[in-house]
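One structure is given below, encoded as structure tokens.
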Amino acid sequence: MLTLDHIGIAVEDLEKAIALYENLLDSYPVHREFVESQQVEVAFFRTGSSHIELIAPTHQDSAIAQFLKRKGPGMHHVAYLVDDLEESMQEMEKKGFKLIDKRPRLGAQNKLICFIHPKSTQSVLIELCQYQVH
């Protein structure tokens, strides 16, 4: 079963976006970090049992920078939390979903992540994520 973890929103200016969401949600980011492997800086806001992730590029050639050039600021992806990412990836492939990632990779908040291609999900980029067990 998939559980909504967060909605990712691509933004051009993280500071302006944080100010907007602080005003909108009447709260502050609960987590902020640079994810160098994805060339982004992110800020998370808690919204009930899930989060809003604001994502800003730190390099002009990052995937988020390319997304912003093509589509402008806005919803980038929907992320679902899973218990076992590798098992979930296998299940998704068996169901006919096209995976962008062939193996889990490290994402924000020290989670393992992978993406499902929007061509197999009616144009919605879907992220599967799993908290790492320590």
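Throughout, read-outs are computed from the coordinates displayed, never taken from laboratory work. Since the model is a prediction, treat every value here as computed from it, not as a measurement. Here Cβ is always computed from backbone atoms with ideal geometry, including for glycine, and neighbour counts include all displayed protein chains.
Can you give me the long-range amide H partners of L125? Hydrogens built in the peptide plane at 1.01 Å from N, cutoff under 5 Å, separation of 5 or more residues or another chain.
Correct list: V78.
Which whole-number percent of Cα pairs in the chain have a distance greater than 22 Å?
The share of Cα pairs beyond 22 Å in the chain comes to 35 percent.
Just the number, please: percent antiparallel of the DSSP beta bridges in the chain, rounded to the nearest 5.
Given both bridge residues lie in the chain, the antiparallel proportion sits at roughly 75 percent.
Mind counting lysine pairs for me in the chain? Cα separation below 19 Å, and the two need to be 8 or more apart along the chain or on different chains.
Counting lysine pairs in the chain gives 9.
Only helical DSSP H runs with n ≥ 4 go in: add -39500 (n - 2.57) per run for the chain, normalise by residue count and round the 222 nm mean residue ellipticity to 500 deg cm²/dmol.
Helix contribution divided over all residues of the chain: -7000 deg cm²/dmol.
Specify whether the C-alpha gyration tensor of the stretch 61-134 places it in the rounded, prolate or oblate class, a ≥ b ≥ c being the square roots of the eigenvalues: rounded for a/c under 1.5, otherwise prolate if a/b is larger than b/c and oblate if not.
oblate
Peptides 65-78, 45-58: what's the order by average Cβ count within 10 Å, highest mean first?
45-58, 65-78
By the scheme Lys and Arg +1, Asp and Glu -1, what is the net charge of all other residues having a beta-carbon under 14 Å from that of P29?
So the surrounding residues net to -3.
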